[in-house]
Amino acid sequence: MTGEKTKTVPYTVPVGPIHPALKEPVMFTFTMEGEQVRDVDFAPGQTHRGIEWMGMRRNPVQIVHLTDRICGICGLVHSLAFARAVEQVAEIEVPARADYIRTIMGELERIQSHLLWAGVAAHELGFDTLLYLSWRVREQAMDLIELISGNRVNYAMIQIGGVRRDITPEQIPKIRELLSTYKGLQEKLLQIFLRDASITLRCRDHGILSPQMARDLCVVGPTARASGIRMDVRVDYPYAAYGDLEIEPILPDRLTGEIRGDVYDRIIVRLLEIPQSIDIIEQCLAAMPEGNIIWEPKLAKLLLTLKKAKGEAVGRHEAPRGEVLHYVRMDGKESPTTWKVKASSYSNLMSWIPMLRGEQIADIPIIVASIDPCLSCTDRVAIVRGTGRSIMTKEDLHRLSVEKTRRLQR
Amino acid sequence: MKPTPSFNRSLWVFHLNSGSCNGCEIEIVATLMPRYDPERFGIKLVGSPKHADVILVTGPVTKKMADRVKRTYEQVPDPKVVMCIGTCGESGGVFYDSYSLAGPIDDVIPVDVYVSGCPPRPEAIIHGVVKALAKLERLEAAP
Ligand code: SF4
């Protein structure tokens with residue numbers, strides 16, 4: 001604050017890092033002109049826990065439990081991507097049944113995550129009744145996840161070489177029951193979200209991300225699809241059981257016949273992905289083969305194989321928020337030599353800047369929430385040791401990453 | 001300071017993420033939803049620490065958040081209760097050997113109630129709040 005009497009535009013509004021909107025800390029600095037956002041900057045990094053560093057000191061089976069805790073909403077995606085990378089390095093073949101169980105869990109997770117997001121979006125719009133509705137129906141998915149895995153969050157389903165728990169015949173009717181409940185709800189959710197006059201007014205043509213911008217910023221997942229980019233790792237690079245199934249990337253024109261890349265389109269994509277996941281689970285239940293659920297149930301044997309493994313690989317998965325990518329390099333040692341995690345929000349966060357420019361201050365929460373941001377998986381160290389500076393330019397970062405790659409190649 | 005009777009009838013909680021994995025936040029929000037409906041006991045999530053009676057701290061306290069956790073704690077008016085939700089706030093949990101931790105939480109601010117679990121179930125969180133109430137009642141009964 002300056003002592004001057006008159007304050008000239010633009011003025012700066014800092015928000016965060018602790019703020020009531022998102023559940024995670026992030027610091028925004030808005031440059032405002034009246035009610036309008038002229039520019040925005042943000043500083044993540046508050047929840048950085050150094051997971052990759054810790055992982056490189058643990059063995060792959062221990063890392064699987066660490067990957068569960070990269071993000072509490074995506075309890076499966078990171079462990080799946082990591083396990084797939086390690087399986088490729090160690091040339092482990094996953095039994096077909098395990099692949100189907102992985103797919104079913106992945107889709108159940110998408111359903112609960114999108115419902116969670118729908119509730120958060122409704123809350124940001126000031127529509128708390130809808131928040132309560134979405135989260136109440138989400139509890140049914142959580143119950144099923146708990147029935148299958150024993151946990152509501154951080155399910156610990158994945159093991160390298162397969163899954164840790166089978167889906168028993170008694171559970172299948174329960175799964176079907178849930179799917180039909182959700183099918184019945186779908187129309188209601190679409191009706192409330194898409195035909196409500198105030199939601200339409202607040203979301204149509206706000207927070208636009210053009211297809212060009214989406215490509216330039218390399219956004220992924222529903223954020224990219226809502227801007228008209230046909231990408232979905234499940235279709236583009238099938239893995240687990242996805243190769244056997246019928247899946248089409250969901251773009252908003254399926255419902256409205258047009259693509260505008262606004263908040264409304266992002267709501268459409270996520271809401272339509274819930275029935276898509278239901279359909280995928282049904283296909284899986286119909287085609288699921290019998291057999292083993294894990295390549296090697298004895299941990300000691302598994303660890304011995306992993307200790308001998310040499311090579312590098314990338315594991316990918318289409319998380320509810322978009323592609324996650326794990327790069328693993330193993331050199332015949334107890335722990336991986338390199339482990340790199342690229343979470344989906346990492347690619348999506350930068351799209352806040354073009355989306356927020358020119359918008360009203362009251363629309364900031366819903367636009368920020370519209371990409372379904374998650375910071376616990378994304379935060380990097382913000383201060384680089386030895387440089388004496390806290391801000392790095394693109395060129396600095398590029399130089400540092402080239403140096404690091406060289407170091408790793410030696 | 002002694003808590004007043006109205007204080008323990010209606011607890012307003014503020015949630016503070018000190019670097020958690022999100023699992024505990026999700027369970028806290030799930031606790032506040034219609035299935036468990038703690039609002040019937042007057043438990044309500046508020047947007048500012050200045051309105052709160054209880055702060056729920058989740059996560060292992062990263063170095064970057066340590067000072068902010070302290071400052072938020074100071075902003076909560078007395079009498080207050082601090083609840084640590086989740087194993088990683090108790091001991092570091094899976095992140096115990098990380099280079100970027102300043103916590104567990106009780107290294108940074110004093111904690112009254114610990115709720116274990118990674119993440120704890122909503123029932124456990126409600127149980128923790130009941131414990132917090134009991135503690136406040138004890139405080140009140142003391143001369
Ligand atoms: S206790 Fe577990 S679930 Fe909760 S924030 Fe920590 S790691 Fe995540």
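The values are calculated or read from the model by the stated rules, or taken from the named source; none is laboratory data. These numbers were taken from a predicted model, which means no experiment stands behind them. Please note: Cβ atoms are built from the backbone with ideal geometry, for glycine as well, and neighbour counts cover all protein chains shown. Just the protein is used for accessible areas: all its heavy atoms, side chains included, with ligands, DNA and RNA removed. Shrake-Rupley method; radii C 1.70, N 1.55, O 1.52, S 1.80 Å.
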- line: Calculated from DSSP helices alone, with each H run of at least 4 adding -39500 (n - 2.57) and the total divided by the residues of chain B, [θ]222 nm to the nearest 500 comes to -11000 deg cm²/dmol
query: At the nearest 100 Å², what buried accessible area, both sides summed, do you get for B and A when the probe is 1.4 Å?
result: 3300 Å²
query: Straight-line reach from B:K70: which lysines have a Cα under 27 Å away, not including same-chain ones fewer than 8 places off?
result: A:K23, B:K2, B:K44, B:K50, B:K80, B:K131, B:K135
task: Considering only protein heavy atoms, with the full assembly of protein chains and a 1.4 angstrom probe, order A:V89, A:V13 by accessible area, largest first.
output: A:V13, A:V89
field: Rounded to 5, percent antiparallel among DSSP beta bridges of region B:12-141
entry: 5 percent
query: Tally Lys/Arg at +1 and Asp/Glu at -1 over every other residue whose Cβ is under 12 Å from the Cβ of A:Q36; what's the total?
result: -3
field: Debye-sum result for the protein assembly as shown in log10 I(q)/I(0), which assumes one identical scatterer on each alpha carbon, at q = 0.07, 0.10 Å⁻¹
entry: -0.40, -0.85
- prompt: Given H placed on each backbone N at 1.01 Å, which residues far from A:G72 in sequence or on other chains put an amide H within less than 5 Å of it?
  reply: B:N22, B:G23
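Report, as a whole number in µm² per second, the diffusion coefficient that Stokes-Einstein gives for region A:1-137 at 4 °C and 1.567 mPa s using the Kirkwood radius over alpha carbon pairs. Numbers along the way, then the final one.
Values: Rh = 19.0 Å.
Result for D is 68 µm²/s.
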- prompt: In region A:139-171, what residues drop by 20 Å² or more in accessible surface going from the chain by itself to the full protein assembly, probe 1.4 Å?
  reply: A:E139, A:D143, A:E146, A:R152, A:V153, A:N154
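So for chain A, averaging the separation of alpha carbon pairs under 8 Å that are six or more residues apart and normalising by length, what relative contact order in percent results?
RCO, chain A: 24 percent.
What is the Cα radius of gyration of region A:258-397 over 2.2 N^0.38 Å, N being its residue count? Please list the in-between numbers first.
Values: Rg = 21.1 Å, N = 140, 2.2 N^0.38 = 14.4 Å.
In units of the 2.2 N^0.38 Å rule of thumb, it is 1.47.
Find, among the trypsin sites (Lys or Arg not before Pro) in region A:274-345, those assigned to loop by DSSP (not H, G, I, E, B) with at most 10 other beta-carbon atoms within 10 angstrom.
Numbers: sites: A:K298, A:K301, A:K307, A:K308, A:K310, A:R316, A:R321, A:R329, A:K333, A:K340, A:K342; in loops: A:K298, A:R321, A:K333.
Here the sparse-neighbourhood loop sites are A:K298.
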- request: Restrict the search to region A:170-222; then list the GluC sites (Glu not before Pro) that DSSP places in a loop and that have at most 11 other Cβ atoms within 10 Å of their Cβ.
  value: A:E170
task: State the antiparallel share, in %, of DSSP beta bridges confined to the protein assembly as shown, rounding to the nearest 5.
output: 70 percent
task: Search the structure for amide H atoms under 5 Å from the amide H of A:M27, placed 1.01 Å from N in the peptide plane, and list their residues when 5 or more places away or on another chain.
output: A:A43
Reachable lysines, given that their alpha-carbon falls under 23 Å from the alpha-carbon of A:K404 and they are not under 8 places away in the same chain: A:K310, A:K333, A:K340, A:K342, A:K394
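Percentage of Cα-Cα pair distances in region B:1-138 greater than 17 Å, rounded to whole percent? Before the final figure, lay out each step's value.
Numbers: 5176 of 9453 pairs.
That tail contains 55 percent of the Cα-Cα pairs.
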field: Estimated vicinal HN-Hα couplings, Hz - region A:214-223 in sequence order (Karplus 6.51, -1.76, 1.60; Gly, Pro = x)
entry: 4, 5, 4, 8, 6, 5, 10, x, x, 4
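With a cut-off of at most 16 other beta carbons within 10 Å, and DSSP calling the residue loop, which GluC sites (Glu not before Pro) in region A:205-312 qualify? Please list them. Write out the running numbers ahead of the final one.
Numbers: sites: A:E246, A:E258, A:E273, A:E282, A:E290, A:E312; in loops: A:E246, A:E258, A:E290.
Of the GluC sites (Glu not before Pro), the ones in loops of region A:205-312 whose Cβ has at most 16 other Cβ atoms within 10 Å are A:E246, A:E258, A:E290.
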- line: To the nearest Å², the heavy-atom accessible area per residue of the protein assembly as shown with 1.4 Å probe amounts to 42 Å²
query: What are the residues whose amide H is under 5 Å from the amide H of B:H15, where those residues sit 5 or more places off or on another chain and H is modelled from the backbone?
result: B:V46, B:L56
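Taking only DSSP H segments of four or more residues, each worth -39500 (n - 2.57), what value at 222 nm results for chain A once the sum is divided by all its residues, to the nearest 500 deg cm²/dmol? Write down the numbers at each step before the final one.
Working: 17 runs with 199 residues, N = 410.
My calculation for chain A gives -15000 deg cm²/dmol from helical runs alone.
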